[in-house]
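Below is one structure, written out as structure tokens; the observations come after it.
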Amino acid sequence: MTAPGRLNRAIDWIDQRLPIITLMKHSAVDYPTPRNLNYWWNFGSLAGFMLVVMIVTGLVLAMQFTPHVDMAFNSVERIMRDVNYGWLIRYLHMNGASMFFVVVYIHVFRGLYYGSYKPPRELLWWIGLVILLLMMATAFMGYVLPWGQMSLWGATVITNLFSAVPVVGDTIVTLLWGGFSVDNPTLNRFFVLHFLLPFVIFGVVVLHVWALHSVKSNNPLGIDIKGPQDVIPFHPYYTVKDLFGIGVFLIVYCVFVFWYPNALGHPDNYIQANPMVTPPHIVPEWYFLPFYAILRAVPDKLAGVIAMFAAILILFALPWLDSCKVRSGTFRPWFKVAFWVFVIDCFVLGYAGAKPAEEPWILMGRLASGYYFLHFLVILPLLSKYEKTRPLPESIGQPVLGGDAPAPAGGHGGGLAGGAKVLLALAILAVATPALANEETHLRKQDWSWQGVFGTYDEAQLRRGYQVYREVCSACHAMHLISFRNVGALGYTEDAVKQIAGSYTVTDGPDDNGDMFERPAIPSDRFPSPFPNENAAKAANGGALPPDLSLIVKAREGGPDYVFSLITGFAPQPPDVELPPGKYYNTVFPGHAISMPPQITDGAIEFPDGAPNNADAIARDVTAFLQWASEPELEERHAMGVKTVLFLFAATALMYALKRRIWAKVH
Amino acid sequence: MADHAMNDAPKSRRDFLFAAAAAVGGAGAVVAVWPFVDSLNPAADTRAMSSIEVDLAPIAVGQAITVKWRGKPVFIRHRTEEEIKAAQAVVVDDLRDPQPDTARVQKPDWLIMVGVCTHLGCVPLGQKAGDPHGDFGGWFCPCHGSHYDTSGRVRKGPAPKNLAVPQYTFLSDTQVRIG
């Protein structure tokens, strides 16, 4: 008997007892799929792919994470700095959350445009909305775990939403917190729930797919499947198309992970949570901004919370609000317009949500919030009553096969794609506007060696910067995340690292007598702090705590340009500005009154390599060193990114060729 | 219908494309697994602690200390003349894990070994004053009754191997680096 024969017998043996093979074949191979699905239908499988990516990266991260208020932040930094490929896995997870939402939002808007919520797909739609709600809860709790400033204050603000509930609000909030504020019990339970919910989502996704396979996929024409001529088997047609889609998607995802890993986050979250100080500008992650704008649009606390939740819950009522028998927006000229206005409205909401709570953003948020509900409660019901829809094609197969198909054949993808291009332009504009606004802060932009696709550090510059830190900054600023062994990356030999470490003393102990003792530092020791504790540091610096510099470049808007501009930004006090005693005037520091006196002057440091030592040069060198301290993985990240993206281009091109070959006869 | 599409395509071209796409995709997936597996290996901070330096000066003849190395106890014993003689007098061929004493020490005065029983990982007794030393004057594992001699070799009981000797270097007469 041949091997395949034996394999088949084994498969049959299993299948007769548990028809799992039949089930998989039924739902992933034979599943009859409309032959005319366009690329907007790729986002369902992409969302499934992202769920798996998030679970896999999350599991590995959870094995290294410590859910305790004193250790969570540092355990995340340990993942970034010490765990093998930890930075990669964390950036995949962190940016994966954003990518997941991009994919799911597009998936939802596709459903909105093509009427995928209409009979017989109501339950499918509702299950999808449940997934969306679960995702939001999971994402929110995940953002709390690194225990940065945005984690703590985001958690505080969001949990306080429940305090708007009449009578029992405060009781609910206390219950959520497990204390009188967001604290260790909150972090612990959020970690547990953040771990649990993805598996709940996975279960609901199974229901979603089950419901989908019962009612079958909708399609760009929105008409029912009339017979076998309208469908093709899922495999190989849509498996290869989905794989090609995953390839394209991975390229975008990887560009973020390898070159802009923090572009979608907030610098404040690289400052450890501090329950005594709120960051000046609290904003949720981008995917919550439209809902945040609706919350802020209503001047009443309870009404605002209700409006925010209603914005999502109203989607459950869509099958009734839009009762038009025609599903696809392609055949609804006015619905199409309303759809795009609604999409733009969501972007406007997101934009308003990102802005501070002041005019004109409040008015903008209010108008956009009003329109959001107007769309669902007035426009859609009126349209479904009065709109004159265009004639529907006979069948799915007809317009696809027929050479002289009616307009919808060409237009079914174009409707959504054309508008999407306009939208992309708007999105770029929205991103570019705040970037332009940053120009007003007078940051002195520099050319840094680590910028760009292939950017690397200049070791000699890092060593000079380290010298500046040791001779100047380290008198007041700690760098508690950096060990002496790390400076080997600056080009020092092992012996040189030992020598540098040995020139410091650290406190160790207790010894056999129970006494603490001093000893020379060794490479595995962290940089000693200039002060025994924060209060001592404050007392010695006029009440202001010199911030730890380990993450300073990542923790400030503007990054290296901000740090450089701050160091060189001291100026004589303008006559119209009053400074409190003990403060110095700085052009870029928020509020301009800084406690740090000017430190870097021309010739303040002599470099052994004879490099220029004017104030700007010294400031650039120390900024480079601090940049390295913030992102020691950067060179490895760029190098791996180049290889990964080149590979993805090749693999995706291959998938595209295979897809064209397989689809050749269907088109 | 669908079958037509499959069969009409030029077979060799499609097969080649399919094989190439499967090979590239599969290879990419396999390579992508490595970072996740490697992340479970010891991290850089753990690896940085993988060697320790010990000052031997305070350890008098006949005394022993236990230091922690890679999360495990390491026995350092300043052996007496009698203990050294006893260890060297053993007929090596009769041992379960035949090793002459000279293969287990760099300097006969100093016996340095990992204090973990080779049976199932308990810490043998024999370091502290008053501890039982077993039938051979060395160490005795209370879990399952393995006896070790003054060279840390197993002489009796279920343990299959002698106590392990870690890699170590004498930096000076009184300074040793383990690991």
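Okay, here's what the table says:
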{"read-out": "Search result, residues across the range A:570-591 that are within 36 Å of the chain's Cα centre (by Cα) and not hydroxyl-bearing (Ser, Thr, Tyr)", "value": "A:Phe570, A:Asn586, A:Val588, A:Phe589, A:Pro590, A:Gly591"}
{"read-out": "Residue list for the range B:57-108, filter: polar (S, T, N, Q) and either surrounded by 13 or more Cβ atoms within 10 Å (Cβ to Cβ) or in contact with an Asp or Glu (Cβ under 7 Å, 6 or more places away or on another chain) (or both)", "value": "B:Gln63, B:Thr66, B:Thr80, B:Gln88, B:Gln99, B:Gln106"}
{"read-out": "Candidate set: the range A:503-556, residues that are within 14 Å of another protein chain (Cβ to nearest Cβ) and part of a strand (DSSP E or B); chosen: the one nearest to A:Gln627 (Cα to Cα)", "value": "A:Arg526"}
{"read-out": "Residue count for the range A:214-238, restricted to those that are closer than 14 Å to A:Glu394 by Cα, of a type in the set (A, V, I, L, M) and within 14 Å of chain B (Cβ to nearest Cβ)", "value": "1"}
{"read-out": "Residue selected from the range A:373-397 under the condition assigned to a loop (DSSP other than H, G, I, E, B) and of a type in the set (A, V, I, L, M, F, W, C), by the criterion modelled with the lowest pLDDT", "value": "A:Ile396"}
{"read-out": "Of the criteria (1) of a type outside the set (A, V, I, L, M); (2) over 28 Å from the mean Cα position of the chain (by Cα); (3) at pLDDT below 90, which one A:Gly418 fails", "value": "(2)"}
{"read-out": "Cross-chain or 6+ apart pairs with Cβ under 8 Å, the range A:163-187 first and acidic (Asp, Glu), then part of a helix (DSSP H, G or I) and buried (at least 17 other Cβ atoms within 10 Å of the Cβ)", "value": "A:Asp170/A:Ser163; A:Asp183/A:Trp177"}
{"read-out": "The listed residue being of a type in the set (S, T, N, Q) and within 14 Å of another protein chain (Cβ to nearest Cβ), out of A:Ser116, A:Ser75, A:Ser98", "value": "A:Ser75"}
{"read-out": "Any hit, the range B:90-99, residues being in contact (Cβ under 8 Å) with a residue 24 or more places away in the chain and out of contact with any Lys or Arg (no Cβ under 9 Å at 6 or more places or on another chain)", "value": "no"}
{"read-out": "Residues that are assigned to a helix (DSSP H, G or I) and of a type in the set (Val, Ile, Thr), drawn from the range A:482-495", "value": "A:Val487"}
{"read-out": "All positions within the range A:56-65 that are free of Cβ contacts under 8 Å to residues at least 24 places away in the same chain and surrounded by fewer than 18 Cβ atoms within 10 Å (Cβ to Cβ)", "value": "A:Val56, A:Leu59, A:Met63"}
{"read-out": "Cβ-Cβ under 8 Å pairs, at least 6 apart or on other chains, the range A:459-472 side under 11 Å from A:Ile600 (Cβ atoms), far side not in a helix (DSSP H, G or I)", "value": "A:Val468/A:Ile600; A:Val468/A:Ile605; A:Glu471/A:Ile605; A:Val472/A:Gln599; A:Val472/A:Ile600; A:Val472/A:Ala604; A:Val472/A:Ile605"}
{"read-out": "Test for A:Gly86: is it crowded, with 20+ Cβ neighbours inside 10 Å, small (Gly, Ala, Ser) and free of Cβ contacts under 8 Å to residues at least 60 places away in the same chain", "value": "yes"}
{"read-out": "Any hit, the range A:44-51, residues being assigned to a helix (DSSP H, G or I), closer than 30 Å to A:Pro220 by Cα and over 22 Å from the mean Cα position of the chain (by Cα)", "value": "no"}
{"read-out": "So A:Lys498, is it outside any loop (DSSP other than H, G, I, E, B) and of a type in the set (Lys, Arg)", "value": "yes"}
{"read-out": "Unique residue being in contact with a helix residue (DSSP H, G or I) (Cβ under 8 Å, 6 or more places away or on another chain) and in a helix (DSSP H, G or I) when the list is A:Val182, A:Val248, A:Val206", "value": "A:Val248"}
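Per-residue answers, yes or no, for (1) modelled with pLDDT of 95 or more; (2) in contact with a helix residue (DSSP H, G or I) (Cβ under 6 Å, 6 or more places away or on another chain); (3) more than 23 Å from B:Ser172 (Cβ to Cβ); (4) basic (Lys, Arg):
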position	(1), (2), (3), (4)
B:Gln88	no, yes, yes, no
B:Leu95	no, no, yes, no
B:Val116	yes, no, yes, no
B:Lys128	no, no, yes, yes
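Table: residues versus (1) among the aromatic types (Phe, Trp, Tyr); (2) more than 7 Å from chain A (Cβ to nearest Cβ); (3) over 23 Å from B:His133 (Cα atoms).
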position: B:Ala22; (1), (2), (3): no, yes, yes
position: B:Ala27; (1), (2), (3): no, yes, yes
position: B:Ser39; (1), (2), (3): no, no, yes
position: B:Ala43; (1), (2), (3): no, no, yes
position: B:Leu56; (1), (2), (3): no, yes, no
position: B:Ala64; (1), (2), (3): no, yes, no
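The values are calculated or read from the model by the stated rules, or taken from the named source; none is laboratory data. All figures in this text were calculated on a predicted structure; none of them were measured in a lab. For neighbour counting, all protein chains shown are included, and Cβ atoms are generated from backbone atoms with ideal geometry for every residue, glycine included.
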